[in-house]
Amino acid sequence: EILCICRSGARSAAAASALTAAGYTNAWNVAEGFEGDKDPDGHRGTIGGWKAAGLPWVQS
């Protein structure tokens, strides 16, 4: 499995498509990205996305 992820999901969608076109059969896009869409105040990381879903991640 190859999971492609970026901030909002747009660039990773292109990456997953390119991998599929290159013959990879298990390439997936994380649709909402890591930080998801902007909230009403224009900030990311609070609604949608990997981070807001409480999925595991580490920053080093």
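Values in this text are rule-based calculations from the coordinates and carry no lab data. This is a predicted model, so every value here is computed, not measured. Cβ coordinates were reconstructed from backbone atoms using ideal geometry, including for glycine residues, and neighbour counts include every protein chain displayed.
Computed from the alpha carbon positions, the gyration tensor of region 2-52 leads to an equivalent ellipsoid with semi-axes of 25, 9, 5 Å, biggest first. With each label modelled as a point 7 angstrom along the Cα→C-beta vector, the E1-T25 pair spans 1.7 nm. Ordering of 39-48, 10-19 by packing is 10-19, 39-48, highest average first (other Cβ atoms within 10 Å, averaged per residue). Please give the FRET efficiency for A14 paired with S60, using the beta carbon to beta carbon distance and R0 = 30 Å, rounded to the nearest 0.05. Plugging the Cβ-Cβ distance into 1/(1 + (r/R0)^6) gives 0.65.
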